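Q: One structure coming up, written as structure tokens, with questions to follow.
The values are calculated or read from the model by the stated rules, or taken from the named source; none is laboratory data. Since the model is a prediction, treat every value here as computed from it, not as a measurement. Note that each Cβ is placed from the backbone with ideal geometry, even for glycine, and that neighbours are counted across all protein chains shown.
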Amino acid sequence: MADLSLKNINKIYPNGVQAVFDFNLDVSDGEFIVLVGPSGCGKSTTLRMVAGLEEISSGSLTIDGKDVTNMPPKDRDIAMVFQNYALYAHMTVYENMAFSLVLRHEDKNVIHEKVMQAAEILGLHDQLNKKPAQLSGGQRQRVAVGRAIVRNPKVFLFDEPLSNLDAKLRGSMRRELMLLHDRLKSTMIYVTHDQTEALTLADRIVCMSDGYVQQIGTPIELYDNPVNLFVASFIGLPPMNFIDVTVNNGKLTNSYLEVPVPDRYKATISAYEGKTVVLGIRPEDIVVGSTVELTVDINENLGQNTLVHGLCKKKKITCKFKEWAEYKRGDILKVDFKSEKIHLFDKETTKVIATK
């Protein structure tokens, strides 16, 4: 196990394109960090710089207080699990898991003990004599994880390891990774574009966009208190609804909406009097009521929940109700926004408006 510190990390390619800007993060010993963001945001590049697979253009990286910025990958004591498994097709599961230890010329008895321990942790005992082609996608990913475990590294790095699996297997593997982290107590850095994985796995999330860190915090901090419109829109499924409103004498108004300014914004909203701001409200924080008239467009029943997609004038709004509903296209539905759950953002800077 180890702690990490990334200070002012930048990645600039020879053609002048900058992929990562001033990345700063301190990772505690045993912490599970998830880097999340859309494709091209710089998360995998950052992970590869930690691994030593990409050169750090400027800044510093330390592991357990030791500067490894220019150290080759083999000397960093990290193990990386890739999206495509990267297993050797001609080797058995046992041989794949043992391969890195064989290259290090470790004692055969030590190798066997480590492989069997990893197989026990991952439930691979019955698969050790099989070739990768005989395994399911989930089993292959467990082998890739096992190959990392046997090395007993200071840091585990995961680069979108579940993206090639179907939805059911992704859910199963997420649970296995949570159990693995709890058992090993190891420092882990995990990259994904799937915000569900980020919310369920992370001790802390690093949300990135266009090479910049947008927000770092616990899953509930990013969900309940996003610092800008990007984080608010990216974290949460279905995504947050956004509505342009004008601040007018203690009220938020437009042609189809009039709601009071939430109490927590009353001390700071005066600076926006007469200006347009962005109101954000999550689908689950909209309830059947009397304030806003919604014309139903699509009704999606999801068992215990129902997603209702509708229009307020021409503005698309999504509601998430905690019951089975049978609304039809064209039905008129009146809803309320939970005042304490309303978020307000500066339309120009996209940053959240300060609360009292």
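Q: Here is a check on your reading of the model: is Leu135 in contact (Cβ under 8 Å) with a residue 24 or more places away in the chain and surrounded by fewer than 20 Cβ atoms within 10 Å (Cβ to Cβ)?
A: Numbers: in contact (Cβ under 8 Å) with a residue 24 or more places away in the chain: yes; surrounded by fewer than 20 Cβ atoms within 10 Å (Cβ to Cβ): yes.
Taking the combined requirement at face value, the residue satisfies it.
Q: Next question. Residue under question is Asn164, and the condition is that it be in contact with a helix residue (DSSP H, G or I) (Cβ under 7 Å, 6 or more places away or on another chain) and either within 25 Å of Val110 (Cβ to Cβ) or not in a helix (DSSP H, G or I) (or both); does it hold?
A: Taking the combined requirement at face value, the residue satisfies it.
Q: Okay, next question. Would you mind finding the one in Lys43, Lys66 that is basic (Lys, Arg) and farther than 25 Å from Glu221 by Cβ?
A: From the options Lys43, Lys66, the qualifying one is Lys66.
Q: Determine the pairs where a residue that is within 12 Å of Ala325 (Cβ to Cβ), located within the stretch 293-304, has a partner that is surrounded by 13 or more Cβ atoms within 10 Å (Cβ to Cβ) and among the aromatic types (Phe, Trp, Tyr) with Cβ atoms under 8 Å apart, the partner being 6 or more residues away or on another chain.
A: Val296/Tyr327; Asn299/Tyr327
Q: To continue, here is another question. If only one of Cys319, Cys312 is touching a Phe, Trp or Tyr at 6+ places or on another chain (Cβ under 6 Å) and modelled with pLDDT of 90 or more, which one is it?
A: None of the other options fit; the residue is Cys312.
Q: Are there any pairs, at least 6 apart or on different chains, whose C-beta atoms fall under 6 Å, with the first in the stretch 64-89 and hydroxyl-bearing (Ser, Thr, Tyr) and the second part of a loop (DSSP other than H, G, I, E, B), and if so, which?
A: From residues that are hydroxyl-bearing (Ser, Thr, Tyr), the pairs are Thr69/Ile56.
Q: Taking the condition of being assigned to a loop (DSSP other than H, G, I, E, B) and more than 24 Å from the chain's Cα centre (by Cα), how many residues in the stretch 327-352 meet it? So that I can check it myself, show each step before the final result.
A: From the stretch 327-352, those assigned to a loop (DSSP other than H, G, I, E, B) are 327-331, 338, 342, 347-350; that's our starting set.
Now drop any that are not more than 24 Å from the chain's Cα centre (by Cα), which leaves 327-331, 338, 347-348.
Final tally of qualifying residues: 8.
Q: Let me ask something else about it. State which residue is surrounded by the most Cβ atoms within 10 Å (Cβ to Cβ) when the search covers only the stretch 156-173 and only residues that are among the acidic types (Asp, Glu) and closer than 20 Å to Met80 by Cα.
A: Filtering first and then ranking leaves Asp159.
Q: Still on this model: Suppose we filter Leu294, Leu279 for residues that are within 17 Å of Asn228 (Cα to Cα) and assigned by TED's automatic domain parsing to the domain that holds Val245; which single one remains?
A: Result of the check over Leu294, Leu279: Leu279.
Q: Residue by residue through the stretch 20-41, note down the ones that are surrounded by 21 or more Cβ atoms within 10 Å (Cβ to Cβ) and over 13 Å from the mean Cα position of the chain (by Cα).
A: Val20, Phe23, Val27
Q: On the basis of being more than 19 Å from Ala354 (Cβ to Cβ) and surrounded by 20 or more Cβ atoms within 10 Å (Cβ to Cβ), does Met240 make the cut?
A: Here the answer is no, as Met240 does not meet what is asked.
For (1) of a type in the set (Phe, Trp, Tyr); (2) touching a strand residue (DSSP E or B) at 6+ places or on another chain (Cβ under 6 Å), each residue gets a yes or a no:
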{"position": "His193", "(1), (2)": "no, no"}
{"position": "Glu197", "(1), (2)": "no, no"}
{"position": "Asp210", "(1), (2)": "no, no"}
{"position": "Gln214", "(1), (2)": "no, yes"}
{"position": "Tyr223", "(1), (2)": "yes, no"}
{"position": "Pro226", "(1), (2)": "no, no"}
{"position": "Leu229", "(1), (2)": "no, yes"}
{"position": "Pro239", "(1), (2)": "no, no"}
